[in-house]
Every structure is written in structure tokens, then in C-alpha cells.
Protein chains: 2
Amino acid sequence: MDSIKVFAPGTVANVACGFDVIGLALNAPGDEMIVKRSDTPGIRISAIHGADLPLDPAKNVAGVAIQALLQKYEATKVGFDVEIFKNIHPGSGIGSSAASSAGAVVAVNQLLGEPFTRKQLVRFAMEGERLASGAAHADNVAPAILGGFTLVRSYRPLDITTIHTPKDLWVTVIHPQIEVKTSDAREILKQKILMTDAIKQWGNVAALVAGLYQENYDLISRSLEDVIVEPIRSILIPAFHELKLKCKEAGALGGGISGSGPSVFMLSQGEENARKVAATMNDVYAPLGVDYKIYVSQINTEGVKVIG
Amino acid sequence: MDSIKVFAPGTVANVACGFDVIGLALNAPGDEMIVKRSDTPGIRISAIHGADLPLDPAKNVAGVAIQALLQKYEATKVGFDVEIFKNIHPGSGIGSSAASSAGAVVAVNQLLGEPFTRKQLVRFAMEGERLASGAAHADNVAPAILGGFTLVRSYRPLDITTIHTPKDLWVTVIHPQIEVKTSDAREILKQKILMTDAIKQWGNVAALVAGLYQENYDLISRSLEDVIVEPIRSILIPAFHELKLKCKEAGALGGGISGSGPSVFMLSQGEENARKVAATMNDVYAPLGVDYKIYVSQINTEGVKVIG
């Protein structure tokens, strides 16, 4: 096999109460990438469609992630040509850079005969995240590569586990096309928080994980509450509180800010509810004069997929 | 049925990273109670063996818990005589008051023909806890009544769920017979904590719950870490750090302070490891000149049990 085409999913990091530790993978939106193996050493980004991103592999997250993989693989006389079709808008908060990094390392790993496990690939993709945001975080690349819900327990040592995904869980995401810088979204957070709030948050995180294993949609719904980050970051997102309230009235289990925003996600039981939530998001945002896109998808339990 | 005998288990609240939200039930130590139904209205505590506690039902946690149940049941012309055999030392940090409250309401509920579910009984037993500590907390009475690992997600509204218990999980508890007042143990805690510590804690709590569902003993071990409460409260417990270190060297998965102390618990995979941990606890404590008791038991997945 000398050429491969992969689908690289968008992802939702944080997942309400799971700030900095829980993420999930989407079926839509997602990028596509074609990676070709060549005998000419080096990594070449031949084209990027749909976004204005650097072709220089040292400045492109896919290039950096592949480079991290090749450093461990210690191969000589092997090179890769990468073509990227971006559907995930950079800066949307649904893991645009993570998708490129994750797709790139999964594709290259396939072309090399799978020397690494999916879990091992996470570390290489994290180097792409380091380039994109200055921090080698895993909360988007882990679900992008592994699929489903993932939990990053710790970074030193890196400890990632997959959490059971209930069959009938769907996600609706709205991406308001405004700019929220990850660095700004992080700066406004407090360095110290109330113990009582922290206890509420870890009670909710524990209940979310239990609810996912129990496939208990009511418990999932009750636990999708973020008392620490959302009250602060939501001020950056137009009509956030109205959006959330109306989505829950329309049948959403709950939701919150996707990553550091500006996208907002809602979980629902079943496709019908997820589509009602999408219609509600549209109703709330249509009058606002802000461009936006809405996506409906089941949770993606496979992660990056080979599609050709 | 006019008379019933129940076993009411000791419990471990907090469970390392699960401060204020997670608890578990033990098979040892536990109290026994004989409750008799009578046609003479009122609650009478006829005798308490093994501890010096008030016989006045308005000042006894079992009496108060039964009274809370009867207020909801609205029965007239029914009374109860209670005899308590205490094996759980008051002030040990392994749910002594919770066992009395939990045992009392389960026994009375049986004698009345089970008008309430076990989950409904938790609320009545919490009134016993209110008498004992001033706060109607559920982190001991929930596991005592429901068995296994329990999670108290919130109090308003009260939201309790049972978490899966791996078959081969054992607990070793050491009770150093020194006094640590719950109120003192709570006062030394900080009202504000670092966001970075809180994130570590909820990553660990999420991983503990995932590890229990996965029956993944390694993940359980890695997640049994409390970066917030243990560093402060452990100063109240003699030789805490040596004890913990040596227990882990002896094969314990991990552990921490039971409730607000002074007891310390360790989880192990299998009885053999749990007994090695008990021997290690003995080795550490024997030279200290402090009286202590050590208990080894599998996790109790049934909660309060009818034994006669």
C-alpha cells in the first residue's frame, strides 16, 4: 500500500464538567487526508483545501506530528506526501488542528505496516497540538485517534483510557463563526477555585462516567453541569445561556462549550432529538447576525477511519 | 414478622480522590442490631453493647433515623424496641453512626413490609448523621444501605448512584485508637484550592469510576491519589506516609484516610494481598505505642443484611 485516504474526526474537548480531562469524537464535521508513501525522504504538504494553513511541514501540525512519529520509527529512505481537505474550521473549538495531527499519524502508521498502537500514536499527535497552541494537550487528539469518549487522567505519566459510549448518544454542535483565542479563553479562568465548587465538579465528572457505563441517559443529563469554567467562558459566546436553555427544552440531555469555544455542543438520546436540537440552535442563532454552522452526528467510536 | 436481626456494615467515605462524593461498604467491622415491632407506640433503645452511647431515642442516631422514617410512613399504634451490638468504634472514621442509622431504618422497613426502597431509606438515615455530626451527609449511609461503591453526585436534589464493584476487590483498614474530631478534620481544610490541583483530582475521580467499571486494577491503583485533602489531614494520623508507602510496597493498589480519620484504608486485588497489607500495617504500627485494630474484608455489595 503506497497511498491511503483517511477521515479525521472533529472532537469536543472538556465535555461540560470534564474540563481538561474528557473528550469525545464526532462523525461530522471531519477532515479528509490523502497520504502517499514515497522513496524520497522528507515530509511534503502538497496542498491544503478549505483553509489557509502553512504548507511548510515544520509549521504545519500534520507535518510536525508525522516528524514525531518518524523520530521514533527511525526509518531512512522513506518520505510522505500529504494532501489535506479541511472541513473543520480552524479556531472553531472542535479540534481542527487535532484532526490534522491525528489523521496524519494514523495514515502514516498504516503505510508503515502499523508499527505503533493507536494509543502510542496519541503522543505523536500531541506534538502537533504543541505547535498549534503551545501546549501538548491530548484532550482532542486522544478522542480523534481512539474514538468515543476518552479520559486523560494525567500527563506525567501520560495516562489515557477510553470510556464506554452508549449506543444511542448523539451530538449536535453549533459553530458561531466568531474568533475566540484559546489563549484568551484560558487567561480569563481563575487560578484558585472554591473547594465547594470543585467537589460539585468532581461529583458531576464521576457521575458522567458512571452514567456513560450504565447507559443511563438521565444520569448523564444531570451530570452535564460545569460550575467552574462555563460561568466564565460563556460570556465570550453570543446568546450562550438562551441557546443552552432552549436546547434542553427541545430535548437535549445537556451540553456546554466545545473546547475553549466558540462552538457549543449538546448531547441527545437518539437522532430525532439531536435534529430537534439542531433546529432550535438555528432558531436561536438565525436572528443574531452571526454566521454559523450546525452539525449533527452520532458519537464516533472508531476515531480516524481509513476510507480509501 | 415481629423481630429482626441485621448486620450493619462499616463504611469508608471519601475513598482517596473521591472526597465528599464516593463511599464503599465493608464486611468487617460491622454492628448487629435486633429490632422488635410492638403495639406500644414509640421508639425504645433497650440496650447498647460495646459503646457508651445515649439510650434516649431523641439523642441516638438509630432513634432519630427511625423517627424520620415513621414521619413519612404515618403509622400509628406501632412502636419499636432496639438493641444494638456495636463493633464499629465511635470516632473511628469507618461510619459508626452511619451503621446504626442504616441498620435501624433497614430493619424497621422490613418489619413494616418494605414500604420504602433502599434508596429512599438513605434520606432517613441521613437524619441520624445530622444528629451525629451536624450535617446530614450521605457518604457513609449510602454505601451502608446500598452496598458496594456509591456516588453522591449532589444533595439538592439528592442524587445517589451505585458504581460497579469489581469481584476481587478487598479492603484492609487500620483503626489507630486516637481521637480525631470530624469538625477539626474539616476546619483545617482550605476553602480555596488551586485549579490545577482540582483538575488532577477530577481526572483521578473519573479514572477511578472508569477503573471500577472496567475491573481494571491497574487503573484503579493509578487513580487512588488525593492531591487536595490527604496532604493536609494526614498530619493528624501517626506514621501515615510510612504506612501508605509500605502497604503499596506490600501489594496494595492504594488507599488513604477513611472518612475524616483516624482510620486508614487500603484496597487490594484478592484476599492474599489484603492480608499481606494487614501484616504490613501491623509491622508499622506495633512499635508506635498506639492501640490499633486491623480489619480485612471484601467489599460488601449488599449493604445492611438481615441475619435473623
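Criterion first (in a helix (DSSP H, G or I) and at negative phi) does residue A:138 satisfy it? No; evaluated as a whole, the condition is false for this residue.
Applying the selection to the stretch A:145-164, what residues are within 13 Å of residue A:120 (Cα to Cα), away from chain B (no Cβ under 11 Å) and open to solvent by less than 20 Å² (accessible area, probe 1.4 Å)? The one that is within 13 Å of residue A:120 (Cα to Cα), away from chain B (no Cβ under 11 Å) and open to solvent by less than 20 Å² (accessible area, probe 1.4 Å): A:145.
Going residue by residue through the stretch B:121-132, is there one that turns out to be touching a residue at least 60 places away in the same chain (Cβ under 8 Å) and in a loop (DSSP other than H, G, I, E, B)? The answer is no; no qualifying residue exists.
I'd like to know if the stretch B:181-204 contains one or more residues that are within 16 Å of the chain's Cα centre (by Cα), in the same structural domain as residue B:102 (by TED's automatic domain parsing) and open to solvent by 30 Å² or more (accessible area, probe 1.4 Å). For the stretch B:181-204, residues within 16 Å of the chain's Cα centre (by Cα), in the same structural domain as residue B:102 (by TED's automatic domain parsing) and open to solvent by 30 Å² or more (accessible area, probe 1.4 Å): absent.
For the stretch B:128-144, filtered to residues that are in contact with a strand residue (DSSP E or B) (Cβ under 9 Å, 6 or more places away or on another chain) and surrounded by fewer than 22 Cβ atoms within 10 Å (Cβ to Cβ), the residue that is nearest to the other protein chains (Cβ to nearest Cβ) is B:137. Based on what the data block shows, is residue B:283 farther than 27 Å from residue B:195 by Cα and in contact (Cβ under 8 Å) with a residue 12 or more places away in the chain? Taking the combined requirement at face value, the residue satisfies it. State whether one or more residues within the stretch A:242-252 are closer than 29 Å to residue B:155 by Cα and in contact with an Asp or Glu (Cβ under 7 Å, 6 or more places away or on another chain). Scanning the stretch A:242-252, I find no residue that is closer than 29 Å to residue B:155 by Cα and in contact with an Asp or Glu (Cβ under 7 Å, 6 or more places away or on another chain), so the answer is no. Quickly run through the stretch A:165-180 and pick out the residues that are at pLDDT 95 or above and either under 23 Å from residue A:62 (Cα atoms) or crowded, with 16+ Cβ neighbours inside 10 Å (or both). Residues satisfying the conditions are A:165, A:166, A:169, A:170, A:171, A:172, A:173, A:174, A:175, A:176. Within the stretch B:107-127, being surrounded by fewer than 19 Cβ atoms within 10 Å (Cβ to Cβ), more than 15 Å from residue B:147 (Cβ to Cβ) and not small (Gly, Ala, Ser) holds for B:110, B:111, B:112, B:114, B:115, B:116, B:120.
The values are calculated or read from the model by the stated rules, or taken from the named source; none is laboratory data. Everything numeric here is computed off the predicted structure, so don't read it as measured data. When we count neighbours, we look across all protein chains shown, and the Cβ atoms used for this are built from the backbone with ideal geometry, even at glycine. Just the protein is used for accessible areas: all its heavy atoms, side chains included, with ligands, DNA and RNA removed. Shrake-Rupley method; radii C 1.70, N 1.55, O 1.52, S 1.80 Å.
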